[in-house]
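The values are calculated or read from the model by the stated rules, or taken from the named source; none is laboratory data. Keep in mind the model is a prediction, meaning the values are calculated, not measured. Please note: Cβ atoms are built from the backbone with ideal geometry, for glycine as well, and neighbour counts cover all protein chains shown.
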There are 2 protein chains.
Amino acid sequence: MTRAPQKRRLETRTKLLSVAAAIVQEQGYSGLRVEEVVHQAGVAKGTLFSHFKDKDGLLAVLIGDQVTRLLDGMEAAGAPLDVAELTSRLAPHLDFVAQDRVIFDLLLRYSGTTAAEPDEVVEASFIRQVALLTRWLDYMQAAGAIRKDQPPQLLAEGVQAFLNHVLALGFCMAHETGPSPAQALEPYLQTWLQPPG
Amino acid sequence: MTRAPQKRRLETRTKLLSVAAAIVQEQGYSGLRVEEVVHQAGVAKGTLFSHFKDKDGLLAVLIGDQVTRLLDGMEAAGAPLDVAELTSRLAPHLDFVAQDRVIFDLLLRYSGTTAAEPDEVVEASFIRQVALLTRWLDYMQAAGAIRKDQPPQLLAEGVQAFLNHVLALGFCMAHETGPSPAQALEPYLQTWLQPPG
DNA sequence: TTTTATAATTGACCACGGTCATTTTCGATC
DNA sequence: GATCGAAAATGACCGTGGTCAATTATAAAA
């Protein structure tokens, strides 16, 4: 039985998160330095690590927050009617992750989270994303827009795989000014979701 | 026009690599410490970084070496006849990568390398792997074992995506003693390579 | 052989994430 | 308000990867 945290602790946590968010705002995720966060927050370094397991734990909260916003937008939009529409629904998420390798790396660590008990923000938002995708695909199957020979859960995992593939490709190109991630994604999804023979 | 390296330099490089390989042998890839390598090799730390861009550069040579061996084995085996056989051909590679997250992370950085001019070992072996996969799929298409509506190149990339997906899943499970990566891979490949309607 | 340009190596130094024994603060109880 | 046990915060310290101006070894030219 753990006690309720003191007021002071919640304030410190909030301060750390808002400072970190501000730094990310102007330096990007990969520009975040623990020393800078604790300095601007006016606390000692150890304090940060008593609030978050490690730097990734802090990033996870920030990133999970953004993903949650994106998911809100996706849910509001409703199920797509075809693969092209599905692709464009995924575009904001792709653009967000493609913006910084740190995001991609962190999300990849959780891309297999299916278990319940998601005490981490990222895990929670990830599970929500898979659930949403599965719902969409289920709907699209019913509407006859995609293949029906596989459970939507499996198809959703495939979509995940291609999302990550496209993102990884994008980061490898490095300096290449290719098309948007979503454009790169579409042929894979078309092929993956096409009805079988 | 760069000059040929001196004898001494080649010896140092060889020494560094053999020491590193020995350490990996008994500590695993994630157990490798730069300090330990240079100490055992009897050189200064700066020397290592004049031979390899960074720690990953060293790891890339070691890992690229192993992947090359695996590819030799795969090429010797010839093209698979169906998806099940394809899966089992990929099993050794999966097992190798699944053995240590460091390998997975490093390979993922290069999983989009399609350009020529592969001065890095990993890039070279990666390109070779994609080429081999493409050849196999081309053969399987001709044999009528898989779908023919997409170019083998695209199908090969999809296989790549699923390889990475399965591996990522495996690392997320963490303590879970699931089935072999290859077993987890097969349903995805079956679905991905199945002829369309 | 001596000179000389440059290749190769060196190791003190830095950046950054993370730890933990110690100290400070909080808030419940008397 | 005084006391005290637990919660919170502290900051000196560590591990590890990576840098770079200075030094040493090499081989070609004089």
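Taking the stated definitions as given, is B:Ala22 outside the structural domain of B:Trp136 (by TED's automatic domain parsing) and either surrounded by 17 or more Cβ atoms within 10 Å (Cβ to Cβ) or not hydroxyl-bearing (Ser, Thr, Tyr) (or both)? Yes: the conditions hold for B:Ala22.
Any idea which residue in region A:166-182 is nearest to the other protein chains (Cβ to nearest Cβ), counting only those that are out of contact with any Ser or Thr (no Cβ under 8 Å at 6 or more places or on another chain) and without any contact (Cβ under 8 Å) to a residue 40 or more places away in the chain? Give the steps one after another, and end with the answer.
Taking region A:166-182 as the starting set, the residues that turn out to be out of contact with any Ser or Thr (no Cβ under 8 Å at 6 or more places or on another chain) are A:166-167, A:170-171, A:173-181.
Okay, now just the ones that are also without any contact (Cβ under 8 Å) to a residue 40 or more places away in the chain, so A:173-179.
Numbers: A:Met173: 6, A:Ala174: 9, A:His175: 11, A:Glu176: 9, A:Thr177: 14, A:Gly178: 10, A:Pro179: 14 Å.
Restricting to residues being out of contact with any Ser or Thr (no Cβ under 8 Å at 6 or more places or on another chain) and without any contact (Cβ under 8 Å) to a residue 40 or more places away in the chain, the top hit is A:Met173.
A:Ile146 satisfies every condition listed in (1) at pLDDT 90 or above; (2) not in a loop (DSSP other than H, G, I, E, B) except (2).
For region A:61-81, state whether one or more residues are away from DNA strand D (no atom under 16 Å from the Cβ) and within 14 Å of another protein chain (Cβ to nearest Cβ).
Quick first cut of region A:61-81, residues away from DNA strand D (no atom under 16 Å from the Cβ) only: A:62-81.
From the residues that got through so far, the ones that are within 14 Å of another protein chain (Cβ to nearest Cβ) too are none.
Looking for residues that are away from DNA strand D (no atom under 16 Å from the Cβ) and within 14 Å of another protein chain (Cβ to nearest Cβ), one finds none in region A:61-81, hence no.
I'd like the full set of residues that are more than 16 Å from DNA strand C (Cβ to nearest atom) and of a type in the set (Ser, Thr, Tyr), limited to region B:50-90. Within region B:50-90, B:Thr68, B:Thr87, B:Ser88 meet the criteria. One residue stands out among those in region B:1-19 that are farther than 18 Å from B:Glu120 by Cβ and over 26 Å from the mean Cα position of the chain (by Cα): the one that is surrounded by the fewest Cβ atoms within 10 Å (Cβ to Cβ), which is B:Met1. Filter region B:1-36 for residues that are of a type in the set (Ser, Thr, Tyr) and touching a residue at least 12 places away in the same chain (Cβ under 8 Å); which is farthest from DNA strand C (Cβ to nearest atom)? The extreme case among them is B:Tyr29.
Of all the numbered requirements in (1) surrounded by 14 or more Cβ atoms within 10 Å (Cβ to Cβ); (2) at pLDDT below 95; (3) not in a helix (DSSP H, G or I), B:Leu108 misses one, and that requirement is (3).
Of the residues making up region B:64-97, those that are part of a loop (DSSP other than H, G, I, E, B) and modelled with pLDDT of 95 or more are B:Ala79, B:Pro80, B:Leu81, B:Asp82. For B:Val102, the conditions (1) touching a Ser or Thr at 6+ places or on another chain (Cβ under 8 Å); (2) within 14 Å of chain A (Cβ to nearest Cβ); (3) more than 16 Å from DNA strand C (Cβ to nearest atom) are fulfilled apart from (3).
Comparison of B:Ala44, B:Ala4 shows that the only residue that is modelled with pLDDT under 95 and either within 9 Å of DNA strand D (Cβ to nearest atom) or within 14 Å of chain A (Cβ to nearest Cβ) (or both) is B:Ala4. Taking first residues from region B:37-60 that are more than 22 Å from B:Leu106 (Cα to Cα) and partners that are of a type in the set (S, T, N, Q) and within 11 Å of DNA strand D (Cβ to nearest atom), the Cβ contacts under 7 Å between residues at least 6 apart in sequence or on separate chains come to B:Val43/B:Thr12; B:Thr47/B:Thr12.
Residues in region B:14-49 that are of a type in the set (Asp, Glu) and within 20 Å of B:Ala98 (Cβ to Cβ): 1 in all. Checked against the criteria, A:Phe162 does not count as surrounded by fewer than 21 Cβ atoms within 10 Å (Cβ to Cβ), within 23 Å of B:Leu163 (Cβ to Cβ), at the interface with chain B (Cβ under 9 Å from one of its Cβ atoms) and under 22 Å from the mean Cα position of the chain (by Cα).
Within 17 Å of A:Thr12 (Cα to Cα) and in contact with a Leu (Cβ under 6 Å, 6 or more places away or on another chain), is that true of A:Phe52? Break it down stepwise before answering.
Values: within 17 Å of A:Thr12 (Cα to Cα): yes; in contact with a Leu (Cβ under 6 Å, 6 or more places away or on another chain): yes.
Criteria met by A:Phe52.
Residues in region A:114-122 include none that are modelled with pLDDT of 85 or more and either crowded, with 17+ Cβ neighbours inside 10 Å or assigned by TED's automatic domain parsing to the domain that holds A:Thr87 (or both). State which residue is farthest from A:Tyr188 (Cα to Cα) when the search covers only region A:75-92 and only residues that are free of Cβ contacts under 8 Å to residues at least 60 places away in the same chain and among the hydrophobic types (A, V, I, L, M, F, W, C). The qualifying residue farthest from A:Tyr188 (Cα to Cα) is A:Ala76.
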